[in-house]
Amino acid sequence: MTKEYKTITEISGPLMFLEKTEPVGYGELVHINLPDGTTKRGQVLDTSADVVAVQVFEGTGGLNEESGVVFSGETIKLPVSKDMLGRILSGSGEPLDGGPRIVPEDRVDVNGASMNPYSRMPPEDFIQTGISTIDGTNTLVRGQKLPIFSGSGLPHNEIALQIARQAKVPGSEEPFAVVFAAMGITNEEAQYFMEDFEKTGALERAVVFLNLADDPAVERIITPRMALTAAEYLAYEHDMHVLVILTDITNYCEALRQMGAAREEVPGRRGYPGYMYTDLASLYERAGVIKGRKGSVTQFSILTMPGDDITHPIPDLSGYITEGQIVVSRELHMKGIYPPINVLPSLSRLMNSGIGDGKTRDDHKAVSDQMYAGYAEGRDLRGLVAIVGKEALSDRDQKILEFADLFEDRFVRQGRDEDRSIEDTLQVGWDILSELPEALLTRIDNKYIDKYHPAHKSN
Amino acid sequence: MKGEIYRVAGPVVTIMGIKPKMYDVVHVGHEGLMGEVIRIEGDKATVQVYEDTSGIKPGEPVVNTGMSLSVELGPGLLESIYDGIQRPLKVLQEKMGDFIDRGVTANGLDRERVWEFKPTVSSGDSVTGGQTIGVVQETENVEHKIMMPPTVSGTVEEIKSGKFKVDETVCVLTDGTEVSMMQKWPVRMPRPVEKKFIPRKPLITGQRILDGLFPVAKGGTAAIPGPFGSGKTVTQQQLAKWSDTDIVVYIGCGERGNEMADVLNEFPELQDPKTGRPLMERTVLIANTSNMPVAAREASVYTGITIAEYYRDMGYDVSLMADSSSRWAEAMREISSRLEEMPGEEGYPAYLSARLSEFYERAGAVKSLAAEEGSITVIGAVSPPGGDFSEPVTQNTLRIVKVFWALDAKLAQRRHFPSIDWLTSYSLYTQGLSDWFAENVAPDWVPLRDHAMDLLQQESELQEIVQLVGSDALPEDQQLVLEICRMLREYFLQQNAFHPVDTYCPFDKQYKLLKAISKYSDMAQASLEAGIPMKDILSIESKDELAKVKFEENFDDALNVVMEKMDKEFAALGGN
Ligand SMILES: Nc1ncnc2c1ncn2[C@@H]1O[C@H](COP(=O)(O)OP(=O)(O)O)[C@@H](O)[C@H]1O
Ligand SMILES: [Mg+2]
């Protein structure tokens, strides 16, 4: 049936070039048989009547002109089934846990077609993560893509796991699952996640894709696509609410850069390909809720900012696509605050649709806005105090300065297993806001002050 | 004529065997994917394909339509949501489900829908290109003028009246030319007009910092650059919701799907402040989100502006929002790099600046061929990498547009919204619109506004001193300036787009708010001169209460209560 070609003319980095083939489709999956009997897989990047360029997922090590190349005639597909839950697969979808091959219910193109914006249902179901700086001030909703922007050595993994453990939609018992995709993280980090999943029983409801640091970088380009394909399948065919954790997006982008360089493309900013925005969008945009379907795909990915620089192309392009970001701060971490989330550069763009009366509480937005304003001003004042001393501050400013400390100490700081309900979170908010003179609460409607301010409310 | 595919590399396909013209639309492959010829070289031509090319092989057939990329113009555009090449997303959903498949064509205008056509010319009349020959009530408040195609003129032989579909003939000329309610226009070519005017009227947006400090004129151009999360989209949506414009064309160019879904959800529910009708009835949406094909993203802004021109020609004031023009520029860059063109600055093609100015040049206040006065206001969001305004798209845009709304990440972080930096933003229309403001808002509006701007400038200088010595070290009159500026920022400039009342602020209310702050300022000044301690002036309660009047449903009453209290409080202090 399918023909094997031995017409490789050039091998360079992760790429190989072939000649004299029958017409080959763009994006086709390619099987490569090495002289030593092993096989590799690749994908067609450029195809013409004269030459075909293939990127080889497992790297081109061991390839030579003797290698046989078979074109599969189709794009890369993932065999999907509900039985994937509880399984651990490689970054390209092969079982790693010694279990049987997945008996597919379907085979789905991993690139995923774009969701018609007309079919999207604006996400609005509040997910309680139990973490105040998220629930209170950067609320996550079902179907959102909200990454953690972190830095090396910061506790982003702990935060992600705490969220995976605690996340729930209050009052809802609908089935949910976790899809976890590791891209270029270390074995140790991966173990850390796996152990936690096992301990909490989450593994039974999880599909794990592992591409570790010592796995080929090119494979990383398909790992997240495999994971998202599995997630969409569980969400839209099996009505599950799926939380997708992709880590680390930075490693993924490095792989993209490497591929771009191998293809001798004109590089964009800091050497990353000019199409990185579009490429990242093809991952992030695969979150959402579809009208008339029960499941949803929520993305909570991890991205370590090189040099803690939020303007670096990786966090920058991500921030332009995702629906906000949770920023982990080295400064707060050094102060011993867990979770060290700096709310100021953090944002949840879908917060407004997920909070308020009937969802969380009527005063939620006002409390959040007021805390932001106070904390931002308080932090500025810290800078001033360092120069002119506390005495030079007006009474008003001193109060605000103290508020910033309270905010970090009581609102931000919480235990690794402390699962605060949204009521608890808002209560902490009011407790610290009530330390400010009431005239400073300009962001809060009087009716909420009457209803919730500790000095006013009747009980 | 039939050709075949020679090479496929992502969205760029090389074809051979046919001789197309530049910008011809071709269908490539067995599935007939739509594309546009963007380069011709010897016996080969390069095509940018508007759909995903996975699995497409060399040797597959290519068919040339011989036509340039065009949009269909006629009744039924309003309330539609299109992709970048004017395929209705609703029809695509019906044909292929929730995910966008490929190889599916869909007409921009519904061929089945029937419209009531009322002629405005009679047989024997001579008609020229662009002239109105009849009208259709497209939505409750928009009368759609059926115009002759700009290139057709003659004498009316027969004109019909009654119910027709868009492609049925409603008018026949003596030379046999048949005219229907629908015309096609190539998107890359501006529609002709009689003449252009200097814009003289403001676009009233109900956003205090825009109307008050940096107004844009109807027919003008504005850019709103800012890093992610600084408020580009919210501002554009606010403009789409509240501007006193007749028609809105909103282009989601390479941005989020959920944002478009949000607009689709919200606009039918919200009321046009001018007519009380659902906003959707005056809106056309173009959604080519970031995960949709990049070539169609490049086309989407042209599709949008052509539709805007069409309504302008009927005599309407149209506003067009492009969110984000940077994604359009990047689409150009991506295609250019696949063509292996010589890159210019930061990899953008050398023609970036030319394309941007050609686009913004399609804005303007005009007299159309139909002898109507209409306008297109273009507002482009710009997404500079790392928030750095020195990059090519921002810089090239600023050379063209007349209004610059500079978003600032620091303001956004402290939740000062809209995060428009009042120190670096500008409007070149401010002077030209002064007469209009004096006549239509209040005679003292302009001096009030100029004074506020002046104080805000002073504040930034004073802040530098405060950073060194603390505010207590400042003389009292300067402390007062700081306080007035805080009020200007918090009570006037800050405006919450998500507050049911504050989201839209009529001019009258803007004026009264500014006037109230100015009144406190005057009285405080007088008290200070009368030797009253600063501490007492600052602890006036009504001053703090003024913070919340903008949120009151019954603004006038609330303001009166506060201002009366202010009079009393100052009187009690003695100085006034
Ligand atoms: N005028 C405003 N009022 C209230 N909130 C705003 C306003 N403008 C922006 N925001 C907040 O900032 C967030 C980011 O704004 P957005 O317009 O999406 O930014 P950008 O398009 O520049 O990335 C919004 O989700 C919203 O929470
Ligand atoms: Mg935006």
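Just so you know, all these numbers are worked out from the coordinates, no wet-lab data involved. All of these numbers come straight from a predicted model, not from anything done at the bench. Note that each Cβ is placed from the backbone with ideal geometry, even for glycine, and that neighbours are counted across all protein chains shown.
Taking Cα atoms, how many degrees apart are the long axis of helix A:249-262 and the longest axis of chain A, rounded to 10 and kept between 0 and 90?
40
Applying 1/(1 + (r/R0)^6) with R0 = 30 Å to the Cβ-Cβ distance of A:ASP83 and B:PHE99, what FRET efficiency is obtained, to the nearest 0.05?
Values: r = 24 Å, r/R0 = 0.79.
Working from the Cβ atoms, E equals 0.80.
Where does the protein assembly as shown land at 222 nm, in deg cm²/dmol rounded to the nearest 500, when only DSSP H runs of n ≥ 4 count, each adding -39500 (n - 2.57), divided by all residues?
Numbers: 28 runs with 326 residues, N = 1035.
Computed ellipticity for the protein assembly as shown at 222 nm equals -9500 deg cm²/dmol.
To the nearest Å, what is the center-to-center distance of the stretch A:2-37 and the stretch B:124-190, using C-alpha atoms only?
57
Taking only C-alpha pairs under 8 Å that are 6+ residues apart, what is the relative contact order of the stretch B:195-425 in percent? Kindly include the intermediate steps, with their values, before the conclusion.
Numbers: 489 pairs, mean separation 72.1, N = 231.
Normalised by residue count, the contact order of the stretch B:195-425 is 31 percent.
Remind me, relative contact order of the stretch B:41-133 in percent, using alpha carbon pairs under 8 angstrom and six or more residues apart? Each step should come with its number before you reach the end.
Working: 47 pairs, mean separation 21.7, N = 93.
So the answer I get is 23 percent.
Could you put B:LYS565, A:LYS3 in order, starting from the residue whose Cβ has the fewest other Cβ atoms within 10 Å? Write out the running numbers ahead of the final one.
Values: B:LYS565 16, A:LYS3 10.
Lowest to highest Cβ neighbour count: A:LYS3, B:LYS565.
Does anyone have the angle between helix A:364-388 and the longest principal axis of chain A? Alpha-carbon axes, 0 to 90°, nearest 10?
80
Quick check: from the Cα gyration tensor, does the stretch B:2-68 come out rounded (a/c under 1.5), prolate or oblate?
Numbers: a/c = 1.43, a/b = 1.28, b/c = 1.11.
Rounded shape, in that the Cα axes give a/c under 1.5.
Where in the stretch B:292-358 are there GluC sites (Glu not before Pro) that are in a DSSP coil and have at most 12 other Cβ atoms within 10 angstrom of their Cβ?
Values: sites: B:GLU298, B:GLU309, B:GLU330, B:GLU334, B:GLU340, B:GLU341, B:GLU345, B:GLU346, B:GLU358; in loops: B:GLU340, B:GLU341.
Hits after loop and neighbour filter: B:GLU340.
Quick one: length gained pulling A:VAL70 to A:GLU158 fully straight, 0.36 nm per residue minus the C-alpha distance? Write down the numbers at each step before the final one.
Values: separation 88, 0.36 × 88 = 31.68 nm, distance 4.38 nm.
Gain on extension, A:VAL70 to A:GLU158, equals 27.3 nm.
Largest first, please: the extent of the C-alpha atoms of the stretch A:4-75 along each principal axis, to the nearest Å.
The Cα atoms of the stretch A:4-75 stretch 29, 22, 21 Å along their principal axes.
Nearest 10 degrees is fine. How inclined is helix B:232-242 to the longest principal axis of chain B, computing both from alpha carbons?
The angle comes out at about 90 degrees.
Determine, from the Cβ-Cβ distance of B:ARG200 and A:THR200 and an R0 of 56 Å, the FRET efficiency 1/(1 + (r/R0)^6), rounded to the nearest 0.05. Kindly include the intermediate steps, with their values, before the conclusion.
Numbers: r = 67 Å, r/R0 = 1.19.
Here the calculated transfer efficiency is 0.25.
Based on the Cα atoms of the protein assembly as shown, what semi-axes does the equivalent ellipsoid have, where each is the square root of 5 times one gyration tensor eigenvalue, given in whole Å with the largest first? Each step should come with its number before you reach the end.
Details: eigenvalues 471, 340, 115 Å².
Working from the Cα gyration tensor, I get semi-axes of 49, 41, 24 Å.
Select from the stretch A:96-139 those trypsin sites (Lys or Arg not before Pro) which occupy a DSSP coil region and have at most 15 other Cβ atoms within 10 Å, ordered by residue number.
Passing both the DSSP loop test and the Cβ count: A:ARG101.
If we count other beta carbons within 10 Å of each Cβ, what is the order of B:LYS232, A:LYS365, fewest first?
Working: B:LYS232 28, A:LYS365 22.
Neighbour counts put them in this order, fewest first: A:LYS365, B:LYS232.
Can you list the GluC sites (Glu not before Pro) in the stretch A:117-198 that are in a DSSP coil and have 14 or fewer other beta carbons within 10 angstrom? Spell out each step's value before the answer.
On the way: sites: A:GLU124, A:GLU158, A:GLU173, A:GLU188, A:GLU189, A:GLU195, A:GLU198; in loops: A:GLU124, A:GLU173.
Here the sparse-neighbourhood loop sites are A:GLU173.
Output the peptides A:287-298, B:130-141 sorted from most to least packed, where packing is the average of other Cβ atoms within 10 Å over each peptide's residues.
Values: A:287-298: 21.4, B:130-141: 18.5.
The peptides rank, most packed first, as A:287-298, B:130-141.
Using Cα-Cα distances under 8 Å and only pairs 6 or more residues apart, what relative contact order does chain A have, in percent?
Numbers: 950 pairs, mean separation 73.1, N = 459.
Worked out over chain A, it gives 16 percent.
Checking the table B:LYS118/B:LYS201; B:LYS241/B:LYS410; A:LYS457/B:LYS550; B:LYS165/B:LYS218; B:LYS367/B:LYS402 against a 28 Å threshold on Cα-Cα, which pairs fail? Numbers along the way, then the final one.
On the way: B:LYS118/B:LYS201 32 Å; B:LYS241/B:LYS410 26 Å; A:LYS457/B:LYS550 25 Å; B:LYS165/B:LYS218 33 Å; B:LYS367/B:LYS402 21 Å.
Beyond 28 Å: B:LYS118/B:LYS201; B:LYS165/B:LYS218.
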